1. Within the set of pairs 6+ apart or on separate chains, which have a first residue in the range 144-162 that is within 18 Å of Glu179 (Cα to Cα), a second that is among the charged types (D, E, K, R) and surrounded by fewer than 19 Cβ atoms within 10 Å (Cβ to Cβ), and C-beta atoms under 7 Å apart?
2. Test of understanding: among Ser230, Ser199, which residue is part of a strand (DSSP E or B), open to solvent by less than 60 Å² (accessible area, probe 1.4 Å) and in contact with a Leu (Cβ under 7 Å, 6 or more places away or on another chain)?
3. Return the residue satisfying two criteria in turn: it lies in the range 61-108 and is among the β-branched types (Val, Ile, Thr) and part of a loop (DSSP other than H, G, I, E, B), and of such residues it is surrounded by the fewest Cβ atoms within 10 Å (Cβ to Cβ).
4. Modelled with pLDDT of 95 or more, surrounded by fewer than 19 Cβ atoms within 10 Å (Cβ to Cβ) and hydroxyl-bearing (Ser, Thr, Tyr): does that describe Thr297?
5. Against the definition (touching a Cys at 6+ places or on another chain (Cβ under 9 Å) and of a type in the set (Phe, Trp, Tyr)), how does Tyr100 come out, yes or no?
6. Of the conditions (1) surrounded by fewer than 18 Cβ atoms within 10 Å (Cβ to Cβ); (2) in contact (Cβ under 8 Å) with a residue 60 or more places away in the chain; (3) assigned to a loop (DSSP other than H, G, I, E, B), Lys273 clears all except one; give me its number.
7. When the range 30-50 is examined, which residues are found to be over 26 Å from Glu260 (Cβ atoms) and open to solvent by 30 Å² or more (accessible area, probe 1.4 Å)?
8. Sort out which residues of the range 58-73 are in contact with a Phe, Trp or Tyr (Cβ under 8 Å, 6 or more places away or on another chain) and among the aliphatic types (A, V, I, L, M), and write them in order of number.
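The values are calculated or read from the model by the stated rules, or taken from the named source; none is laboratory data. Note that this is a predicted model, so its numbers are computed, not measured. Every residue, glycine among them, receives a Cβ derived from its backbone with ideal geometry; neighbour counts consider all protein chains shown. Areas reflect the complete protein model, heavy atoms only, side chains present, ligands, DNA and RNA absent. Shrake-Rupley method; radii C 1.70, N 1.55, O 1.52, S 1.80 Å.
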Amino acid sequence: MESIRLAFFDTKPYDRVWFDQLNTHYTIKYFEHKLNEDSVSLARGCRAVIPFVNDTLNAAVIDALCAEGVEMIAMRCAGYNNVDRHAAKNRIPVVRVPGYSPYAVAEFTAGLLLTLNRKIHKAYARTRDFNFSLNGLVGFDLHGRTVGVIGTGKIGQIFIRICKGFGMNVLAYDPYPLENADFSYVSLEELLQKSDIISLHCPLTEQTKHIINQDSIAQMKDGAILLNTSRGMLVESEALLEALKNGKLAGAGLDVYEEETEFFFEDRSDMVKRDTILSLLVSMPNVVLTSHQAFLTTEALHNIAKVTLENLDAFFQNGQVQNSIQ
């Protein structure tokens, strides 16, 4: 029996490690191209595609996949805001990896906070030049500070536990609060007003898009710090930039960006035409911006491959659709 062919888009070397090790019966065609209207023809002859967060799965791409006879879209990530769910509904199943390593993202968020607060990135750059001055490196104790966590899914809960380990006070907001939580839920307004540090751990939906905007920033404490390791469009970038420039916010730790698709996961160091807001954020001394790498641990990559292949097995061997986004 001929093995099932799969088209794997936006491939990076670290993606292949665990897929190659765990795959036993699929023929995977790896493409460096992102999935979009120009590259969708590469899926011809494949029964499923394996896209990632910055691939384009709009109505035109989904129409083309269906026309090519592709039977499943197996996202190798948790987020699916890049998928036109209406176009896919009742035509092609779309599955995902709902949680590959909440520890990876939560721990990275804590790393951003520590780096930003204690100026570790600046100290590292200085000492490489044999500059051991401490001027400009003053931070503050996290102990006793109040952190506001927006979104209390698995990642948010683990980040809360990390913050409690530092001795921080925790406020949380979630429209679907946990029962018997060992932290305090408050309204979004109260969280914004009382938090020294605000960390985003919610999915991107119509309700959460630009949850951090000019109005919500105005409600924050002067000198607050914003952390975002969730989705770029949770934050209105222009409003954030203005708040950082005028001192309303003391700093921002960002692993995602509103318009990251063209830039993140790629080497764009030679690009002359750059996103203006992104360029300004990267250049600011009170911003630590990384390239959507919070998930990137060995454990997470293993789990992504494992669950993606299990999703494919359930469909092609048993006719079941598990971890569906529909």
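1. Short answer, once both residue conditions are applied: Gly151/Asp174; Thr152/Asp174.
2. The unique qualifying residue is Ser199.
3. Ile92
4. yes
5. Spelling it out, Tyr100 is indeed touching a Cys at 6+ places or on another chain (Cβ under 9 Å) and of a type in the set (Phe, Trp, Tyr).
6. (2)
7. Arg44, Gly45, Arg47, listed by residue number.
8. Of everything in the range 58-73, just one residue is in contact with a Phe, Trp or Tyr (Cβ under 8 Å, 6 or more places away or on another chain) and among the aliphatic types (A, V, I, L, M), namely Met72.
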